[in-house]
Amino acid sequence: MDRIAKIFERCRQEGRPALTVFATCGCPSPEESGELMAEIIARGADILEIGVPFSDPMADGAVIQRASDMALRQGMTLEKVLETAGHLRERHPETGIILFSYFNVLLQYGLERLTARLAEIGVDGILVVDLPFEEREELLPFCRANGLHLINLVSPATPPERMRRIVADATGFVYYVMVRGVTGTRDGLPPELADNLARLRAVSPVPVAAGFGIASGEAAHAVGRYADGVIVGSAVMRPAVSGRPFPEIRKEVGDLIASLR
Amino acid sequence: MKTHYGIYGGQYVAETLMPVLQEVETAYESARRDPAFARELAELLTDYVGRESPLYFARNLTRYCGGARIFLKREDLNHTGAHKVNNTIGQALLARRMGKKRLIAETGAGMHGVTTATVAALFGMECEVFMGALDVKRQAPNVERMRVLGAGVTAVDAGSATLKDAMNEAIRNWTATADHTFYVIGTVAGPYPYPRMVRDFQSVIGRETRRQCLEKIGKLPDEVIACVGGGSNALGMFAGFLEDASVRLTGVEAGGEGLETGRHAASINGGRVGVLHGSKCYLLQDRDGQILETHSVSAGLDYPGVGPEHCLLADTKRARYTVVNDEEAVRAFELLSRLEGIIPALESSHAVAQALRTAGTYPPDAVIVVNLSGRGDKDMDSVRRYRETHPAA
C-alpha cells in the first residue's frame, strides 16, 4: 500500500477525514515557509500540498494570489520548493506530500527532470490546477514512470459521464472542488455537496477529498461527514499574508490546523 | 487534436471551466452551421458596423516610399473605431443564443472593453469589463465610454495591474459565474475554442481584402502586413490568403524599447514556448516560467503571449514575424497622419512602419496591403507623452 492509501486507511480507522492542507511555499518568506509547513504537519495535517508560486494564479482568490506574490518577490523558485519538500520528507516520513502547481512552471523546469526529482525526494504526487483531463497525457506518462500520483479534480460543473472518465484510472485521491469559482473562504456549504460527493465516491476507485471554501473546524467537520478527506488552503494562508510577526502567524496557523482535526 | 495547432493551443484551464468551454464549443459549432446565425451576423456587420470596410490606395505614402503600391484595409472606419467589433458582435450573438444574460471582457487599452460594452448595450445584456488599474488611469476616456454605454468597469490591482492581470481576473469571475455569463475574449488567444472562434469572426477582413484586391487591382497582393499582439487582426487578414502561396504574410510584433533591452512585447521573436491563459504559445517569461511584464507604447500590443495559430504559422514559416520598436511605430503614426490625413492606432502604426521598411524593395507593380486595424484618436495622450520624453529627431 502506498503512503497516500495508508493515510486514508488510517484516518478511516480513526473515524475522521484525512486533513489535507495547502500552503504556498515561500510565504511569508522562503526561510519561514519551511517552518510553517513543519508546524502544519506537527499540528495535525495528514497530507501537505506544497504550493508552487506562480505570477498569474488564475484559479486562485485574493489570499493565495497575495501569498504567491510575496513568495516570488522574495526569490522563491521551483528548485527551492523542491529543497523544502526534501527537508520536510526527511523529517516527516509518514506525511503525504503533494506538489501543487500551475503547469507553466513545471513545463519550464522540464517534466522528465521534475518527476524524476520528485520521486527521488519522496514526494507522493502532483496536482496541476490548469492541466485538465484533456491535456494530462503531457504529464501522466512521466508520473507513471516515476510512481507519482497525478491528482485529478472534479467540480460541481463536471457532468456525470465526464466525472466517470476522469476518475476511471485515478490513483492517490480525487480532489473534489466544492464550489464553482476560485479558491478562498466562504460561509456555509453548497446545498448539493452531499449528493455530489456521494455520486463521486460511488464511482471513484480511490478516496475523495473535498476543498475550496472551508474556513473553520466546523465547516471541515461538516464536509468530513461526506468525504474521505478535507482540504484547506486560503484559511491557512490568510494569517501568513497578514504581515504580522512570524511567531504569531505560526501560532494562529497551528491552532487553526488543530481545530480542523 | 482539433483543439491544438501543432503543439500549440489546447485547453489548459481548471476543471471547473472545462464543461463551460465544451458548452461554448458545442454552441459555436451549431451556430456556425445555422444560416440564420450567419444572416444576422452579416446584417449587423453591414448596417451596424458599416462593412465592408474600404481598401484604400495610399498614393502619397506610396510616392513617399517608392516601390510597391501600398493599400490600407480600413478597419479603423468600423463602428467603435477598430477591427475588434467584428468579433464582439459574433460572440454576443452566440452568448444570446446560449441564453447568457451577462458579458464579461478583459481589456488593455480599452478598445475591446468598449466594443463589448457596445454590443452589450445593443443586445440589452449586463456587462462587466476587467481592466488593469494602471490601464484604467492611462486610458481614462475609454473607461468613460464604457460607463456611458452602461458597462461596469472593474479595476484590477493584482500583479502588474495591466492586460494579463485583467484577463486573470476575467477568468476568475467567469469560473464563478459561467452559468449566466459569457466571456468575450478579444483576441485569438485563450483556451480552445476561442482561438478558432475569434479567427473565424475576424476572417471577414481577409475575405473582403482578397475580393477587393481582385476587383480593384486585378491581382492578389504580394504581401499583407498586420500588427500582432494576441494577433486577431493579423489572423483575420491572413485567413483570406493562407492558401495563396504567392502572398507573403507578415506579422509585426511590438519591439517596445528594443528586443535587446528586454522591454518589449514580442512573444514570437523574444519568447519561449509556455502556457498562459489556457493555451500553449510563445510566451515572455523568465527562466523559472514566471510571466514577464511587457512594454510597448501601444497598450493593445502589451500582452506576453500570442495566439497559438500564429505560433504554428511562425514555425512552419508560412508567415514571418518582424519587430518594430516604439520609435519606429510613432514615426509611422506621424507620417501616415501627415501624408494621408489618416491617424492610425499605435498598434496599426507598427504594421505601417513595416510597410515603410519593405515597400522600396518591391517593383512599382507590386502590391502591399496593410491592415489598418484601428484609428488613433485614443492614442493622442500616449503619443504626446512619448514625444515629451523622446523628441523627434
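The values are calculated or read from the model by the stated rules, or taken from the named source; none is laboratory data. In this text the structure is predicted, and so the values were computed from the model without any measurement. Positions of Cβ are generated from backbone atoms using ideal geometry, with glycine treated the same way; all protein chains shown enter the neighbour counts.
For the reader, a short list of remarks on this structure follows.
- When we screen B:Thr46, B:Thr62 for residues that are touching a Lys or Arg at 6+ places or on another chain (Cβ under 6 Å), surrounded by fewer than 23 Cβ atoms within 10 Å (Cβ to Cβ) and farther than 16 Å from B:Tyr194 by Cβ, the only hit is B:Thr62.
- Test: A:Phe54 is under 21 Å from A:Glu135 (Cα atoms), in contact (Cβ under 8 Å) with a residue 40 or more places away in the chain and more than 11 Å from every other protein chain (Cβ to nearest Cβ): no
- Subset of segment A:1-26 (residues that are in a loop (DSSP other than H, G, I, E, B) and farther than 17 Å from A:Gly233 by Cα): A:Met1, A:Asp2, A:Gly15, A:Arg16
- Options A:Ala5, A:Ala18: the member that is surrounded by fewer than 24 Cβ atoms within 10 Å (Cβ to Cβ), touching a Pro at 6+ places or on another chain (Cβ under 9 Å) and more than 18 Å from A:Glu252 (Cα to Cα): A:Ala5
- In segment B:216-235, the residues that are under 22 Å from B:Tyr8 (Cβ atoms), out of contact with any Gly (no Cβ under 6 Å at 6 or more places or on another chain) and not hydrophobic (A, V, I, L, M, F, W, C): B:Ser232, B:Asn233
- Residues being of a type in the set (D, E, K, R) and more than 19 Å from A:Val230 (Cα to Cα) - total across segment A:144-187: 6
- Scanning segment B:306-345 for residues that are out of contact with any strand residue (DSSP E or B) (no Cβ under 9 Å at 6 or more places or on another chain) and either within 30 Å of B:Glu243 (Cβ to Cβ) or in contact (Cβ under 8 Å) with a residue 24 or more places away in the chain (or both) yields B:Thr316, B:Lys317, B:Glu327, B:Glu328, B:Val330, B:Arg331, B:Glu334, B:Leu335, B:Leu339.
- Selection within segment B:158-180: residues that are part of a helix (DSSP H, G or I) and hydroxyl-bearing (Ser, Thr, Tyr). The member of this set that is farthest from the other protein chains (Cβ to nearest Cβ) is B:Thr177.
- Against the conditions (1) more than 12 Å from chain A (Cβ to nearest Cβ); (2) closer than 30 Å to A:Gly211 by Cβ, B:Pro19 satisfies every one except (1).
- Taken over segment B:104-152, the criterion of being touching a helix residue (DSSP H, G or I) at 6+ places or on another chain (Cβ under 8 Å), outside any strand (DSSP E or B) and over 16 Å from B:Leu163 (Cβ atoms) is satisfied by B:Ala117, B:Thr118, B:Val119, B:Ala120, B:Leu122, B:Phe123, B:Met125, B:Pro141, B:Arg145, B:Leu149, B:Gly150, B:Ala151.
- Strands (runs of 3 or more DSSP E) wholly inside segment B:228-301 containing at least 3 residues that are in contact (Cβ under 8 Å) with a residue 40 or more places away in the chain and crowded, with 19+ Cβ neighbours inside 10 Å: B:248-254, B:278-283
- So B:Ala38, is it in contact with a helix residue (DSSP H, G or I) (Cβ under 7 Å, 6 or more places away or on another chain) and modelled with pLDDT of 95 or more: no
- Which numbered condition B:Tyr8 misses (of (1) more than 14 Å from chain A (Cβ to nearest Cβ); (2) crowded, with 17+ Cβ neighbours inside 10 Å; (3) of a type in the set (Phe, Trp, Tyr)): (1)
- Set side by side, the residues B:Thr88, B:Thr107 differ, and just one is closer than 13 Å to B:Phe182 by Cβ and of a type outside the set (A, V, I, L, M, F, W, C), which is B:Thr88.
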